[in-house]
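The block underneath contains the structure these notes are about, expressed in structure tokens.
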Amino acid sequence: MSEEDEATGIVVGHGAMARGLVDAVKRIVGDVGDCLEPLSNDGKNPSEIKRDLEAMLGTPKSVIFVDLMSGSCGMAALANCHDCEGRVVVSGVNLPMLLDFVFNRGMPLADLVPRLLEQGRAAIVALPASE
């Protein structure tokens, strides 16, 4: 599999959240190159977020991870994916989801995205487990 077959990921979030998640992935995995990049909405209106995101979308196969679908980050991500084959928005981003992305980004998006959603959901637990 070539690098051209691997998806790139962009984490878009409020404040320093995106940078913090990408930094955590790098601390756990090591150097991930530019396969996963953060984008903050700090000081940006929705048009500026959309513009910055579009500039970051380089490969035809991209997953845009957002913290909140109904916020400015989610709306900008959706605007950049409208009518674009090979771009997917995943909302509710968490660290286990991003770790799985880094290790499996060569999978076809049709297989990768459901896997990422499952990994993200599986990581949400309450302890002790309620009966």
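Every number here is computed from the coordinates shown, using simple stated rules; none is lab data. Remember, predicted model here, so these are calculated numbers, not experimental data. Every residue, glycine as well, gets a Cβ built from its backbone with ideal geometry; the counts of neighbours run over all protein chains shown.
Can you tell me which of Gly30, Gly13, Gly71 moves the most in a GNM of the chain? Springs connect C-alpha atoms under 10 Å apart. So, out of Gly30, Gly13, Gly71, the one fluctuating most is Gly30. Remark: relative contact order (segment 3-122) = 29 percent; criterion is Cα-Cα distance under 8 angstrom and separation of 6 or more residues. Considering helices alone, the calculated mean residue ellipticity of the chain at 222 nm is -13500 deg cm²/dmol, with DSSP H runs of length four and up weighted by -39500 (n - 2.57) and normalised per residue.
Between Glu118 and Asn94, the modelled label-to-label distance comes to 1.6 nm, taking each label 7 Å out from Cα in the direction of the beta carbon. Applying the Kirkwood pairwise sum to the alpha-carbon positions of segment 1-87 produces a hydrodynamic radius of 13.2 angstrom.
With Cα atoms defining each centre, segment 7-29 and segment 62-81 are spaced 14 Å apart in the structure.
Ordering Glu37, Glu48 by the number of other Cβ atoms within 10 Å of each residue's own Cβ, fewest first, gives Glu48, Glu37. Taking a straight Cα-Cα cut-off under 19 Å and skipping sequence neighbours fewer than 8 places away in the same chain, the lysines within cross-link reach of Lys61 are Lys50.
The gain in end-to-end length when the Val29 to Arg51 segment is fully stretched comes to 5.0 nm, 0.36 nm per residue minus the alpha carbon separation.
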